[in-house]
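Asker: Sharing a structure here in structure tokens format.
The values are calculated or read from the model by the stated rules, or taken from the named source; none is laboratory data. What you see is a predicted model; the values in this text were computed from it and never measured. Here the Cβ positions follow ideal geometry from the backbone for every residue, glycine too, while neighbour counts run over all protein chains shown.
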């Protein structure tokens, strides 16, 4: 009889030990799941604003052409493929078209760190159209951005009809608070590439 009692106690302890380990394992899994849910539900951090003015140019991604974006901000020389950085603005990438970059999206972007008050000009230029397929439809957008959000200043489309053509898509003036001055938006031609000294 004593032997039977000893085995029963041993078996009972073994079951209790297994129950304890099972309970700990379940608790660990539950805590891990809760931690994962907390991470997944955490709101995305705000992306830092890279600049106050952004100008984006797009043209047909199948077009075998090198189209250039030129931007002039107040008190600075124009920024484009020959001068990637100015005092305020930077051309992020000179897209040379599908001939040099088969995965190209055919887009260029200029970002200005600040938005000083004054006159701005935005041009597009058909630098090299390798396949000589014209016209080339080009779209340009300009955005003003700050901590409160961003707003579009303009969206404009134009056509380039021959190699070397430079077209002014936007000229405008900004006030000190980044607001577009009433009546200042126009597309009066100004040469930014050919007009450089």
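Asker: Within the stretch 130-143, how many residues are over 13 Å from residue 166 (Cα atoms) and buried (at least 20 other Cβ atoms within 10 Å of the Cβ)?
Answerer: 2
Asker: To continue, here is another question. Output yes when any residue across the stretch 137-160 is over 24 Å from the mean Cα position of the chain (by Cα), free of Cβ contacts under 8 Å to residues at least 60 places away in the same chain and assigned to a loop (DSSP other than H, G, I, E, B), and no when none is.
Answerer: No, there is no match, as no residue in the stretch 137-160 is over 24 Å from the mean Cα position of the chain (by Cα), free of Cβ contacts under 8 Å to residues at least 60 places away in the same chain and assigned to a loop (DSSP other than H, G, I, E, B).
Asker: Also: Is one or more of the residues making up the stretch 120-128 free of Cβ contacts under 8 Å to residues at least 40 places away in the same chain, surrounded by 13 or more Cβ atoms within 10 Å (Cβ to Cβ) and over 20 Å from residue 87 (Cβ atoms)?
Answerer: No, the stretch 120-128 has no match at all.
Let's see how each residue does on (1) in the same structural domain as residue 111 (by TED's automatic domain parsing); (2) under 15 Å from residue 54 (Cα atoms):
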| residue | (1), (2) |
| --- | --- |
| 146 | yes, yes |
| 150 | yes, yes |
| 155 | yes, yes |
| 159 | yes, no |
| 163 | yes, no |
| 167 | yes, no |
| 181 | no, no |
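Asker: Moving on. Restricting the stretch 101-113 to residues that are in contact with a strand residue (DSSP E or B) (Cβ under 8 Å, 6 or more places away or on another chain) and part of a loop (DSSP other than H, G, I, E, B), which is nearest to residue 73 (Cα to Cα)?
Answerer: Within the stretch 101-113, the match that is nearest to residue 73 (Cα to Cα) is 113.
Asker: So residue 62 fits all but one of (1) outside any strand (DSSP E or B); (2) touching a strand residue (DSSP E or B) at 6+ places or on another chain (Cβ under 6 Å); what number is the exception?
Answerer: (2)
Asker: Being under 27 Å from residue 185 (Cβ atoms), in a loop (DSSP other than H, G, I, E, B) and in contact with a strand residue (DSSP E or B) (Cβ under 8 Å, 6 or more places away or on another chain) narrows it down to one of 131, 95, so name that one.
Answerer: Exactly one residue qualifies, and that residue is 95.
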